[in-house]
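*Asks:* Handing you this structure, nothing more for now.
The values are calculated or read from the model by the stated rules, or taken from the named source; none is laboratory data. Keep in mind it's a predicted model, so treat the numbers as computed, not measured. Neighbour counts are summed over all protein chains in view; Cβ atoms, including those assigned to glycine, are modelled from backbone coordinates with ideal geometry. The protein model used for the area step is the full one, side chains on, heavy atoms only, and it has no ligands, DNA or RNA in it. Shrake-Rupley method; radii C 1.70, N 1.55, O 1.52, S 1.80 Å.
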Amino acid sequence: MKPGFPLAIALATSLALSSSSLLADDETPAYADKATGLMHLDNGVILEGRDLETPDGYTSGFRFTAGFSPLALPRLDLGAEFTYRESDEVPTRLDNQPLILNTTSLGGSLVAGVRLGQVGLYAKSGFAGWEGDPVGGRPDSYATAGTTRVQGFGARLQFDRLVSRLEVEEIDAPSMAHLNLITASFHYPF
């Protein structure tokens with residue numbers, strides 16, 4: 001059996017279950033929070049945005065997501081995500097030399113998810129461009145920039161008005177490891 005074959009079977013099963021009429025009806029996309037929705041358009045497009053800030057204080061920015069559910073597959077969610085992040089004085093290593101960088105990154109990802117009743121599962125994949133400027137009088141030869149892959153997955157669980165989310169996101173660049181995130185949140189609108 002090929003290595004990717006069990007994954008393909010699991011994905012096909014999830015898609016088949018997601019279109020079942022036995023599941024609870026919820027129009028919130030798998031990757032969305034009801035608490036952060038910016039706008040719901042009449043054509044079914046949902047726009048969502050939120051500020052980003054890491055607990056270590058290095059990084060801040062924002063994330064903007066737009067998505068919709070195809071009419072023929074009401075449990076499938078498709079979207080695109082745009083992310084901007086700024087990081088100040090991040091310790092890293094470049095060519096085995098310790099370095100402190102101020103970095104800016106701009107990324108875009110395609111997002112796909114399925115809703116299975118109260119549970120929503122999603123994955124994203126895309127690219128991020130980043131640029132780092134050395135702090136402390138280093139020569140310009142240490143300035144670094146690049147483009148790298150972004151990947152992630154997450155889950156949303158909803159009980160009445162309580163919405164919880166867990167997301168993992170990885171940026172595939174050693175000097176941008178500070179942007180790898182595991183986030184968890186609970187929302188209870190009142």
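*Asks:* Name the pairs whose Cβ atoms lie under 8 Å apart, with the first residue in the stretch 61-77 and on the phi > 0 side of the Ramachandran plot and of a type outside the set (Phe, Trp, Tyr), the second assigned to a loop (DSSP other than H, G, I, E, B) and open to solvent by less than 80 Å² (accessible area, probe 1.4 Å), and 6 or more positions between them or separate chains?
*Replies:* Listed pairs, sorted by first residue: none to list.
*Asks:* Would you mind telling me which numbered condition in (1) crowded, with 20+ Cβ neighbours inside 10 Å; (2) at pLDDT below 80 Gly136 fails?
*Replies:* For Gly136, the failing item is (1).
*Asks:* What number of residues within the stretch 148-166 satisfy the criterion of being among the hydrophobic types (A, V, I, L, M, F, W, C), more than 11 Å from the chain's Cα centre (by Cα) and open to solvent by 40 Å² or more (accessible area, probe 1.4 Å)?
*Replies:* Within the stretch 148-166, residues that are among the hydrophobic types (A, V, I, L, M, F, W, C), more than 11 Å from the chain's Cα centre (by Cα) and open to solvent by 40 Å² or more (accessible area, probe 1.4 Å) number 3.
*Asks:* On to the next question. Could you run through the stretch 99-131 and say how many residues are outside any strand (DSSP E or B) and surrounded by fewer than 15 Cβ atoms within 10 Å (Cβ to Cβ)?
*Replies:* The total comes to 1.
*Asks:* Checking Phe159 against (1) in contact with a strand residue (DSSP E or B) (Cβ under 6 Å, 6 or more places away or on another chain); (2) touching a residue at least 24 places away in the same chain (Cβ under 8 Å), which single condition isn't satisfied?
*Replies:* (1)
*Asks:* Now, a different point. Do we find that Glu170 is under 12 Å from the mean Cα position of the chain (by Cα) and among the acidic types (Asp, Glu) in this structure?
*Replies:* Taking the combined requirement at face value, the residue satisfies it.
*Asks:* When the residues of the stretch 169-190 are filtered to those that are over 15 Å from Gly107 (Cβ atoms) and part of a strand (DSSP E or B), which remaining residue is modelled with the lowest pLDDT?
*Replies:* His187
*Asks:* Quick one: Thr83 ticks every box in (1) within 19 Å of the chain's Cα centre (by Cα); (2) at pLDDT below 85; (3) part of a strand (DSSP E or B) except a single one, so which number is it?
*Replies:* (2) is the only condition that Thr83 fails.
*Asks:* Restricting to the stretch 162-190, name every residue that is touching a residue at least 40 places away in the same chain (Cβ under 8 Å) and farther than 19 Å from Pro91 by Cα.
*Replies:* If the condition is that a residue be touching a residue at least 40 places away in the same chain (Cβ under 8 Å) and farther than 19 Å from Pro91 by Cα, then Val163, Arg165, Glu169, Ser185, His187, Pro189 are the ones that fit.
*Asks:* Still on this structure, I have one more. Against the conditions (1) more than 21 Å from Ala80 (Cα to Cα); (2) aliphatic (A, V, I, L, M); (3) in contact (Cβ under 8 Å) with a residue 40 or more places away in the chain, where does Ala145 fall short? Just the number, please.
*Replies:* (3)
*Asks:* Starting from residues that are open to solvent by less than 60 Å² (accessible area, probe 1.4 Å) and charged (D, E, K, R), keep the ones in the stretch 56-80 and report whichever is modelled with the highest pLDDT.
*Replies:* Checked the stretch 56-80; the qualifying residue modelled with the highest pLDDT is Asp77.
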